[in-house]
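Here is the structure we will look at, set down as structure tokens.
The values are calculated or read from the model by the stated rules, or taken from the named source; none is laboratory data. Computed from a prediction, not measured in an experiment: that's the story for all the values here. Please note: Cβ atoms are built from the backbone with ideal geometry, for glycine as well, and neighbour counts cover all protein chains shown. For the accessible areas, the whole protein counts, side chains as well, though only heavy atoms, and no ligand, DNA or RNA atoms are used. Shrake-Rupley method; radii C 1.70, N 1.55, O 1.52, S 1.80 Å.
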Amino acid sequence: QVQPVESGGGLAQAGGSLRLSCAASGIIYSTYTMGWYRQAPGKERELVATITSRGRTNYADSVKGRFTISRDNANNAAYLEMNSLKPEDTAVYYCNAHAGIRYLWGQGTQVTVSS
């Protein structure tokens, strides 16, 4: 079973920064849209940002101007740079790889932002 693997979560103070990484091996990575989603306690999973195989990005309104998604096709990796963190960014962050009807999810990494 191919599964993306996230890393880089942890604890940050409000106003701080964290960088999440996602490694996705075993797929033709360059053909997949990569995305980051998050799920806070008691809430549904929501889109944070996506980046297509051609580098087109999309962001949730709540993170625009603060988060940046990027990808490195040579290393089968995707990243989420998170700046100006807020307590409401606290959630489990999931990496997603999507191509056609195929959706691959990582196990998630916890991000906690203290006020």
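If you check every pair at least six apart or on different chains, which have Cβ atoms under 7 Å apart with a residue in the stretch 84-97 that is farther than 9 Å from Thr109 by Cα first and a residue that is of a type in the set (Ser, Thr, Tyr) and crowded, with 22+ Cβ neighbours inside 10 Å second? Correct list of pairs: Ala97/Tyr32. Could you tell me whether any residue of the stretch 32-39 is at pLDDT below 95 and either closer than 22 Å to Gln3 by Cα or part of a strand (DSSP E or B) (or both)? Yes, that holds for at least one residue. All of (1) part of a strand (DSSP E or B); (2) open to solvent by 70 Å² or more (accessible area, probe 1.4 Å); (3) of a type outside the set (Lys, Arg) hold for Ser25 with one exception: (1). Applying the criterion of being in a loop (DSSP other than H, G, I, E, B) and of a type in the set (S, T, N, Q) to the residues of the stretch 41-75, the residue that is farthest from Ala97 (Cα to Cα) is Ser62. All of (1) among the β-branched types (Val, Ile, Thr); (2) modelled with pLDDT of 95 or more; (3) over 17 Å from Lys86 (Cβ atoms) hold for Val2 with one exception: (2). Among the residues of the stretch 78-104, the ones that are modelled with pLDDT of 95 or more and open to solvent by 10 Å² or more (accessible area, probe 1.4 Å) come to 10 in all.
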